[in-house]
Amino acid sequence: QVQLVESGGGLVEPGGSLRLSCAASGLTFGRYNGGWFRQGPGKEREFVAAIRWTSSTHYADSVKGRFTISRDNAKTTVYLQMDSLKPEDTATYYCAAGTTILSNIHNPDGYAYWGQGTPVTVSA
């Protein structure tokens, strides 16, 4: 049984930082792409960042230069370091795992497995 468990969300002031973690089990982690998506209140789920099994990284324009995605295959964990957080980053953040091709890396349909989500609130 595949499980993805996120942690690290919480309340932070604008300009602050958070590090999200996604621990995976039940799959051959090194063969999967890892992705982070988010869904804000009243909004659709949107792509945030992805790291392919090759370790190449991809980011949404809205977070480029502020967020960093990484992976530790030995720990079967994907991380999302979020710096210079803004109120518009407020959302529930979901990690995902899949084997989609590069051109589909931004599409939620390219991921077969999802975590339960961790809330992030950026507010003074």
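The values are calculated or read from the model by the stated rules, or taken from the named source; none is laboratory data. From a predicted model like this one, the values you see are computed outputs, not experimental measurements. Every residue, glycine among them, receives a Cβ derived from its backbone with ideal geometry; neighbour counts consider all protein chains shown. With ligands, DNA and RNA removed, areas are computed over all heavy atoms of the protein, side chains included. Shrake-Rupley method; radii C 1.70, N 1.55, O 1.52, S 1.80 Å.
Please verify whether the range 19-33 includes one or more residues that are small (Gly, Ala, Ser) and in contact with a Gly (Cβ under 6 Å, 6 or more places away or on another chain).
Within the range 19-33, one or more residues are small (Gly, Ala, Ser) and in contact with a Gly (Cβ under 6 Å, 6 or more places away or on another chain).
For the range 101-124, which residues satisfy the criterion of being surrounded by 19 or more Cβ atoms within 10 Å (Cβ to Cβ) and either over 15 Å from the mean Cα position of the chain (by Cα) or free of Cβ contacts under 8 Å to residues at least 60 places away in the same chain (or both)?
Val122 - this is the single residue of the range 101-124 that is surrounded by 19 or more Cβ atoms within 10 Å (Cβ to Cβ) and either over 15 Å from the mean Cα position of the chain (by Cα) or free of Cβ contacts under 8 Å to residues at least 60 places away in the same chain (or both).
Among the listed residues Glu6, Glu44, Glu13, which satisfies the condition of being free of Cβ contacts under 8 Å to residues at least 24 places away in the same chain and closer than 18 Å to Thr121 by Cα?
Values: Glu6 fails: free of Cβ contacts under 8 Å to residues at least 24 places away in the same chain; Glu13 fails: free of Cβ contacts under 8 Å to residues at least 24 places away in the same chain.
Answer to the selection: Glu44.
Would you check which residues across the range 70-100 are open to solvent by 60 Å² or more (accessible area, probe 1.4 Å) and within 12 Å of Ala50 (Cα to Cα) and list them?
Thr99 - this is the single residue of the range 70-100 that is open to solvent by 60 Å² or more (accessible area, probe 1.4 Å) and within 12 Å of Ala50 (Cα to Cα).
Quick one: in the range 26-45, of everything that is assigned to a loop (DSSP other than H, G, I, E, B) and over 16 Å from Val63 (Cβ atoms), which residue is least open to solvent (accessible area, probe 1.4 Å)?
Leu27
Residues of the range 56-85 being in a loop (DSSP other than H, G, I, E, B) and in contact with a helix residue (DSSP H, G or I) (Cβ under 9 Å, 6 or more places away or on another chain), which ones?
Within the range 56-85, Ser56, Ser62, Val63, Arg66, Thr76 meet the criteria.
How many residues does the range 1-25 hold that are open to solvent by less than 50 Å² (accessible area, probe 1.4 Å) and assigned to a loop (DSSP other than H, G, I, E, B)?
4
So for the range 16-23 (the condition being touching a strand residue (DSSP E or B) at 6+ places or on another chain (Cβ under 9 Å) and either without any contact (Cβ under 8 Å) to a residue 60 or more places away in the chain or at positive phi (or both)), does at least one residue qualify?
Pass one, the range 16-23, residues touching a strand residue (DSSP E or B) at 6+ places or on another chain (Cβ under 9 Å): 16-23.
Those left that are additionally either without any contact (Cβ under 8 Å) to a residue 60 or more places away in the chain or at positive phi (or both): 21, 23.
Looking through the range 16-23, at least one residue is touching a strand residue (DSSP E or B) at 6+ places or on another chain (Cβ under 9 Å) and either without any contact (Cβ under 8 Å) to a residue 60 or more places away in the chain or at positive phi (or both).
Within the group Thr100, Thr90, Thr68, which residue is out of contact with any Leu (no Cβ under 7 Å at 6 or more places or on another chain) and closer than 11 Å to Gly34 by Cα? Quick ask: steps written out before the conclusion?
Values: Thr90 fails: closer than 11 Å to Gly34 by Cα; Thr68 fails: closer than 11 Å to Gly34 by Cα.
On inspection, the qualifying residue turns out to be Thr100.
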